[in-house]
Amino acid sequence: MKPLEGIRVLDLTNVLAGPFCGHQLAHMGAEVIKVEVPGSGDLARQLGAQPELNKKLMGISFLAQNTGKRSITVNMKSDKGKQVFHRLLGTADVLLENFRPGVMDRLGVGYPVLMRDHPNLIYCAISGFGQDRPYRDLPAYDQIVQGMAGVMSITGDRDSAPLRVGYPMADTIGGLTAAFAIAAALANRDADGRGCFIDVSMLESVLSTMGWIVSNYLQLGREPEPMGNDNFTASPSGTFQTGDGPVNIAANKQEQFEAVCDVIGRPELKADPRFAERQARLENRRALTEILEQAFAVHDAEHWRRALNAAGVPAGLVLTVPDALNHPQIAERGLIGLFENVPGIDRDLRVARAAVKIDGQAVRTETPPPLLGQDTDDLLAEVGYSAAEIAGLKADKAV
């Protein structure tokens, strides 16, 4: 099942938030066309851990977010390039961009202009801070947003905070927010046939995912603190040392705490006034952790993971990224896709797909990331340009 089959998206985005959004839409069946700058393309083509691929404009950072897309190069500063863009837009359902606010207006292709000729267009703009208010024109990268959203202030513990989350979570959350909004707008568009303007702020996207943290402050004025690996809502809930390394435990319910006591052979802790009730356990978290880690020291993490799970207590190992990717739970569910002998990198490519199954099948894209401009001629022909006209556009450096 391809829920967005038949939907065409023009993707003008760069690096991560926008391309990640387009990647999700492509997995759902949308035809996503990357409109890229001639000669250089998406900046992510030059980013990644393998310099030789960066030089080929097929950087690993680009490969991760762009399977299933087509690529056309268009000079948006050229009048003829803008004519090409408008003709492409006439075939599209969605326009996706992540420029700073005002850039598309300065190019002469802002939303008010486009809507005159394309009233059915769904226009989605992703930016760091949104399309209005004082910070609209400021540059924003993932780490800037993490800091401004308060994420860094609660990551780590009192000695190590503030810390950045170890992957670009603000970009990713912004991209997911945009993909959800686009899908919702597409679902509603049939009501009147008109499009809309979607304004996605990465800063607001991140804050909106911080539910309990934000709610505790808004409702109670309680300022969150960095608590490391401890869960602020329950104890024992966090990371605990065992005989060979850490194990995560989330004993958030009373019966789960009592099960932990039984598993470690300390049933008397259930009646200990320091631990008998949820609030008491929070107030005496450190003492409880010391007792548990003394018990856990006699076996390894996997032993305790199995024993706790068998007793109905959520518990899991703390894995490295390679361990997680090779774990049977991931390896056997279809999250990782394989493309063989990919042009431009001349080897097989494994990438993470969208984390969705529909009717038991993992959603997937069918083609590897495109070479820069590899679909330019085909796409121009599809919108009515002749071979001679295409050659002229190239000679004029419009494409």
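Coordinate-derived values only; no laboratory data. Worth saying up front: this structure is predicted, and the values here are computed from it rather than measured. Positions of Cβ are backbone-derived with ideal geometry, glycine not excepted, and every protein chain shown enters the neighbour counts.
Grab the other residues whose beta carbon is less than 14 angstrom from that of residue 157, score K and R as +1, D and E as -1, and report the net.
Computed value for this residue: 0.
Ranked by how many other Cβ atoms sit within 10 Å of their own Cβ, fewest first, the residues 152, 202 fall in the order 152, 202. Can you tell which of 130, 66, 141 lies farthest toward the positive end of the dipole of the chain, using +1 and -1 charges on the Cβ of basic and acidic side chains (Lys, Arg; Asp, Glu)? Towards the positive end, the residue furthest out is 130.
Screening the chain for whole DSSP H helices of 20 Å or more along their axis (Cα) with average Kyte-Doolittle hydropathy at least -1.0 returns 169-189. Since only 101, 33, 23 are under comparison, the one whose Cα sits farthest along the positive direction of the charge dipole of the chain, derived from C-beta charges on Lys, Arg, Asp and Glu, is 101.
Any idea what the dipole of the chain comes to, in debye rounded to 20, about its Cα centre with Lys/Arg Cβ at +1 and Asp/Glu Cβ at -1?
Using Cβ point charges on Lys, Arg, Asp and Glu, the chain gives about 560 debye.
Label-to-label distance for residue 165 and residue 252 is 1.7 nm, based on points extended 7 Å past Cα in the beta-carbon direction.
The orientation-averaged projection of the convex hull spanning the C-alpha atoms of region 1-95 amounts to 6.1 square nanometres. For residue 78, the shell of other residues with beta-carbons less than 9 Å away shows a net charge of +2, using +1 for Lys and Arg and -1 for Asp and Glu.
Once Rh for region 95-169 is found with the Kirkwood sum over Cα pairs, what is the Stokes-Einstein diffusion coefficient at 20 °C and 1.002 mPa s, in µm²/s?
148
Think of region 237-318 as having a plus end and a minus end, set by charges on the Cβ of Lys, Arg, Asp and Glu; of 263, 299, 284, 284 sits farthest toward the positive end of this dipole.
What translational diffusion coefficient, to the nearest whole µm²/s, does region 162-202 have by Stokes-Einstein, given a Kirkwood radius computed over alpha-carbon pairs, a temperature of 37 °C and 0.692 mPa s viscosity? D, rounded to a whole number, is 276 µm²/s. Taking a sphere under 12 Å around the Cβ of residue 352 and counting the other residues whose Cβ falls inside, with K and R at +1 and D and E at -1, yields a net charge of +4.
Compute the Rg to Rh ratio over region 252-299 from the alpha carbon atoms, using the Kirkwood formula for Rh, and round to two decimal places.
Checking Rg against Rh, the ratio lands at 0.93.
The Rg/Rh ratio for region 271-399, using Cα coordinates for both the radius of gyration and the Kirkwood hydrodynamic radius, is 1.32.
Using the Kirkwood radius over Cα pairs, work out the Stokes-Einstein diffusion coefficient for region 237-318 at 25 °C and 0.890 mPa s, in µm²/s as a whole number. This corresponds to a translational diffusion coefficient of 198 µm²/s. Which one of 39, 312, 29 has the biggest mean-square fluctuation once the chain is modelled by GNM with Cα springs under 10 Å? Looking only at 39, 312, 29, the biggest GNM fluctuation is shown by 312. By the helix-only formula, in which each DSSP H run with n ≥ 4 contributes -39500 (n - 2.57) and the sum is divided by residues, the chain has a 222 nm mean residue ellipticity of -10500 deg cm²/dmol. Among 34, 270, the ranking by other beta carbons within 10 Å of each residue's beta carbon, starting with the fewest, stands as 270, 34. By the count of other C-beta atoms within 10 Å, a proxy for reagent exposure, 247, 109, 356 are ordered fewest to most as 356, 109, 247. Note on region 237-318: with charges restricted to the Cβ of Lys and Arg (+1) and Asp and Glu (-1), its dipole about the Cα centre is near 200 debye. Between residue 293 and residue 116, the simple label model (points 7 Å from Cα in the Cβ direction) yields a spacing of 6.8 nm.
With the convex hull of the Cα atoms taken as the outline of region 107-250, the averaged projected area works out to 12.6 nm².
Straight-line reach from residue 56: taking Cα to Cα under 24 Å and skipping same-chain neighbours fewer than 8 places apart, the lysines in range are 34, 69, 394, 397. Just so you know, the Cα atoms of the chain work out to an Rg and Dmax of 25.4, 86 Å.
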